[in-house]
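First up is the structure itself, then whatever we jot down about it.
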Amino acid sequence: MYKAVVFDFDYTLGDSTNGIVMSVNHALDKLRYPEKSVEEIKPTIGLSLKNTFAFLTGKDSGDEPGLFAQFFKEKADLVMTDNTELYDGVTENISALKSRGYKIGVVTTKYHYRIEQILVRYDLVKWIDFIAGSDDVKIEKPDPEGLLLAAGHFGLGRENILYVGDSLVDAQTAQNASVAFAGVLTGTTKREDFEQYPFIYLGNDVKEVCQKILRKEI
């Protein structure tokens, strides 16, 4: 049934926590806000930068959200790629999916060029057919634009696409795009939290989900 598998990135394919924490605190410091702990920042990973700022400060208007994004990017350009690790089995399973004829995409709130840098670092870019980052869409997730761009690029119906992600934002995005969703538990979202949205499978990690796809069990 599925001809394309589209992945979120943060806490789905890889872990950028260290780079994100450094970049968030750099931006907060520039705006004269107190530093936040790793545990305070982790629930924001996967959100847009505007929503990250609102979550951490309670403010979502004026010039500060835009400045926060600017300062975040300033630091992230220096530290993010080197402070991102792919999860175990990602490369092997994505290459296996490609060898079975699946189209592979990434739809994320990270910048497009940042995803490319990370994928090049891990020699994974050759397996990826499509990327939609925050700079490729007018409205970020949970708006369905990124997934709809993927469907158009692949020339597939929505029923032929599976989206894999770690957060409720990802589940909402899939629902808004009318595509199937499989969740992974490598992020901060608990199994029971996913139950408010439709999903076809919840796996402990992306490797488990990929193996289910390869065995045609989902």
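Please work out how much length the chain gains when fully extended from Ser61 to Asp88, using 0.36 nm per residue of separation minus the C-alpha to C-alpha distance, in nm with one decimal.
Values: separation 27, 0.36 × 27 = 9.72 nm, distance 3.95 nm.
Value of the extension gain: 5.8 nm.
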### Query
Amide H to amide H under 5 Å from Phe7: which residues, 5+ apart in sequence or cross-chain, H placed 1.01 Å off N in plane?
Gly105, Val106, Val107, Val164
### Task
Assuming R0 = 25 Å, can you tell me the calculated FRET efficiency for the pair Glu39 and Ser178, based on Cβ-Cβ distance, to the nearest 0.05?
0.10
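Roughly how many debye, to the nearest 20, is the charge dipole of region 32-189 about its Cα centre, given +1 on each Lys and Arg Cβ, -1 on each Asp and Glu Cβ, and no other charges? Mind dumping the intermediate values first?
Details: 17 positive and 23 negative charges, 48 e Å.
That gives a dipole near 220 debye.
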### Message
Quick check: pseudo-label points 7 Å beyond the Cα along Cα→Cβ at Ile139 and Gln196, how many nm apart are they?
### Response
1.9
### Summary
For Leu78 and Ser95, extending 7 Å from Cα along the Cα-Cβ vector and measuring point to point gives, in nm, a value of 3.5
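Nearest 20 debye, what's the magnitude of the dipole of region 17-82 about its Cα centre given +1 on Lys and Arg Cβ and -1 on Asp and Glu Cβ?
Magnitude of the dipole: close to 80 debye.
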### Summary
For Tyr113 and Glu159, extending 7 Å from Cα along the Cα-Cβ vector and measuring point to point gives, in nm, a value of 4.1
### Query
When the Debye formula is applied to the Cα atoms of the chain, each taken as the same point scatterer, what base-10 log of I(q)/I(0) results at q = 0.10, 0.14 Å⁻¹?
-0.41, -0.81
### Message
Given the DSSP H assignment, sum -39500 (n - 2.57) over each helix run of at least 4 residues in the chain and divide by its residue total; what's the result at 222 nm in deg cm²/dmol, nearest 500?
### Response
-12500 deg cm²/dmol
### Task
Determine the shape class of region 140-214: with a ≥ b ≥ c the square roots of the Cα gyration tensor eigenvalues, call it rounded for a/c under 1.5, and otherwise prolate if a/b is greater than b/c, oblate otherwise.
oblate
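So how do Val206, Val107, Val125, Val179 line up by other beta-carbon neighbours within 10 Å, fewest first?
On the way: Val206 28, Val107 31, Val125 14, Val179 24.
The most exposed by this proxy come first: Val125, Val179, Val206, Val107.
A short reminder: the numbers here are calculations on the coordinates, not readings from a lab. All values reported here derive from a predicted model rather than from experimental measurement. Ideal geometry is used to build each Cβ from the backbone, glycine not excepted, and the neighbour counts take in all protein chains shown.
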